[in-house]
Each structure stands twice: as structure tokens, then as C-alpha cells.
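Notes for the one structure printed next.
The values are calculated or read from the model by the stated rules, or taken from the named source; none is laboratory data. Small disclaimer: the values here were computed from a predicted structure and weren't measured. Cβ sites come from the backbone with ideal geometry, for glycine too, and all protein chains shown count toward neighbours. These accessible areas exclude ligands, DNA and RNA; they are computed on the full protein's heavy atoms, side chains included. Shrake-Rupley method; radii C 1.70, N 1.55, O 1.52, S 1.80 Å.
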Amino acid sequence: MMDRIYYYFIRIVAVVLAIFFLIPVVWMLALSFTPEGENVFGNGFHLSFANYEKVLSQAPIFGWMGNSLMVSVITTALVLILSSMAAYAFSRITFPGSKFMFLLFLSGLMIPAEATLIPLYLFMRDLGLLGTRTSLILPAVAGPMGIFILKQFFDGLPKDLEEAARIDGAGFFKVWYSIFLPLSRPALAALGIFSFIGAWNDYVWPLISISDKAYMTITLGLPMFQSSYVQQYALPMTANALAAIPVLIVFLIFQKQIIKGIAFTGGKEL
């Protein structure tokens, strides 16, 4: 009896929370389809695309989204490749100082990102990369979280397959590419999704490193656009609705992998 009550209680709470979190999204969409100056539900809801036409004509939304998409895709690909290679080295290759180096990588998790902004800015300036898309990609590639997640996953993989491949003459690279990557698809998918969303939503570092409007990402373009419409609500909400489309698509397509990733990073088995 108590199990049944607990079952329904959890579902009711989940539905209430889902409705609570969906209200701002529904309000944003409703306001984006309402002409400026009209009440959303005052005289009945009238569907209008006038706000979308104004936003697309007054702001390069798709250009900003294209920059964000390019940076996010390249960042995600590099994070998956480099993090998996480093995680494989720490998990399966024994070399002097490996444990100390891994702990050194993990210590980077204790350093807030804000503390690295000035050194990172000076470093990119000295390399001549400041103000380019490369300056947006490289800092996000060097995160230790991906190495930690994948190493924990690699540690749980059986060594029999690796030993069999070694007997057949496979080297480190072939073992990593042909055995570890296919077996770690769930962890790679979760890491890829989190990396993509993190790169897409990044605001502080692009604000510091980018000054050319041609390289602006969506997180920089939206505040600049909204500052021109402080007393209006419909156009900024319309721009936000357009900017949210790619992230919503990623979530709808990969929602199972996101849930698995949250469970995995929480210490549970995929």
C-alpha cells in the first residue's frame, strides 16, 4: 500500500514540477506570437508572425546562431577526441607520474572559471588568437571533467578484449579506436551533449575575447539586441524563442542520453 502511495506521489510531484518549469517557456512562445502592445490573453489569442519578421530583419540572429553552432560542434568534437585519448592513457597505460598527473588534472575542477579569465586573456593575446573563433574553442577543450568521466568509465571495462587485441598485434591507438570508443558510446554521448550545451550557453569568455560583431555568438547578440528594446517585451522574447530552438532540438533528440549522463555523473551505472 505504501509503495503504491509513494509511486503516485512521485508522479504527481513530477507532473507539478514539469508544469512549473514549462510555464515560462509557454509564456515566451505566446508572447512571441503576440503583436507588441497587445495583451497575450486579453482579447483572445491571435497568432501573428510579425514579431519574427521584425527580429529577422533587424538582427542577424541566424548569423549569431551559425557562429554558436560552429563553435559548439568543433568544441564538442575536440573534447570527445582529446578527453577520450587522455582518459585511455590514464586508465590503461602505466607511465611514471601518471597518478600525480591525473590528480593534477582533477585539481583543475577546484579552480573557478572566473579565476582563469585574466591569464587566459593574456595567453590568447600573446598567441595572436584573441578575437577569433579559435579563442572561443581552445579554452573549452581543456576541461578536466571529460577526462575524469571517461576514465571512470574506462576503468570499468573488461581487460580481456584489450589483451586479445594486443595478442593480435594491435597498438595503443588501435585499441583505443576500435575497442574503447565503441564500448563507451553512452559516456561519449553524455559528455558530448553536456559539452555542446556548455559551449552554446557560454557568455563570459566570449564577452571578453570577442569584439568583432561578425564573430559574435548568440549569447552575445541577444543581450545587445534586447538592450535596444528595454521597454518592449515581445521582440526580445521572440529573439529568445529563436535562440532556444537548437538547444530544444538537441534535448528532444538526445534526452535519453542526457538522463543517462546525469545518472552516470552521479555515480550510477549506465
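Please go through the stretch 63-77 and pick out each residue that is open to solvent by less than 60 Å² (accessible area, probe 1.4 Å), within 14 Å of Ile137 (Cα to Cα) and touching a residue at least 12 places away in the same chain (Cβ under 8 Å).
The answer is Asn67, Ser68, Val71, Ser72, Thr75, Thr76.
Restricting to the stretch 48-62, what's the tally of residues that are touching a Phe, Trp or Tyr at 6+ places or on another chain (Cβ under 9 Å) and either surrounded by fewer than 13 Cβ atoms within 10 Å (Cβ to Cβ) or basic (Lys, Arg) (or both)?
Residues meeting the conditions: 1.
Take the stretch 91-112 and flag every residue that is out of contact with any Pro (no Cβ under 7 Å at 6 or more places or on another chain), open to solvent by 30 Å² or more (accessible area, probe 1.4 Å) and part of a helix (DSSP H, G or I).
The answer is Arg92, Lys99, Phe100, Met101, Leu103, Leu104, Ser107, Met110.
Could we say that Leu150 is more than 30 Å from Tyr215 (Cβ to Cβ), among the aliphatic types (A, V, I, L, M), buried (at least 19 other Cβ atoms within 10 Å of the Cβ) and touching a residue at least 24 places away in the same chain (Cβ under 8 Å) here? Reasoning before the result, please.
On the way: more than 30 Å from Tyr215 (Cβ to Cβ): yes; among the aliphatic types (A, V, I, L, M): yes; buried (at least 19 other Cβ atoms within 10 Å of the Cβ): yes; touching a residue at least 24 places away in the same chain (Cβ under 8 Å): yes.
Against the criterion (more than 30 Å from Tyr215 (Cβ to Cβ), among the aliphatic types (A, V, I, L, M), buried (at least 19 other Cβ atoms within 10 Å of the Cβ) and touching a residue at least 24 places away in the same chain (Cβ under 8 Å)), Leu150 qualifies.
When you look at Ala190, is it part of a helix (DSSP H, G or I), farther than 27 Å from Arg92 by Cα and out of contact with any strand residue (DSSP E or B) (no Cβ under 9 Å at 6 or more places or on another chain), yes or no?
Values: part of a helix (DSSP H, G or I): yes; farther than 27 Å from Arg92 by Cα: no; out of contact with any strand residue (DSSP E or B) (no Cβ under 9 Å at 6 or more places or on another chain): yes.
Taking the combined requirement at face value, the residue does not satisfy it.
Would you check if Leu122 is at pLDDT 90 or above and part of a helix (DSSP H, G or I)?
On the way: at pLDDT 90 or above: yes; part of a helix (DSSP H, G or I): yes.
Against the criterion (at pLDDT 90 or above and part of a helix (DSSP H, G or I)), Leu122 qualifies.
Going by the conditions given, is Ser195 at pLDDT 85 or above and buried (at least 22 other Cβ atoms within 10 Å of the Cβ)? Spell out the reasoning first.
Working: at pLDDT 85 or above: yes; buried (at least 22 other Cβ atoms within 10 Å of the Cβ): yes.
Spelling it out, Ser195 is indeed at pLDDT 85 or above and buried (at least 22 other Cβ atoms within 10 Å of the Cβ).
Which residues, taken from the stretch 113-123, are over 20 Å from the mean Cα position of the chain (by Cα) and either open to solvent by less than 60 Å² (accessible area, probe 1.4 Å) or touching a residue at least 60 places away in the same chain (Cβ under 8 Å) (or both)? Write out each step before concluding.
To start, the set of residues in the stretch 113-123 that are over 20 Å from the mean Cα position of the chain (by Cα) comprises 115, 118-123.
The answer is Leu120, Tyr121.
Show the residue pairs meeting these rules: Cβ distance below 7 Å; 6+ apart or different chains; first residue within the stretch 242-254 and modelled with pLDDT of 80 or more; second residue open to solvent by 90 Å² or more (accessible area, probe 1.4 Å).
none
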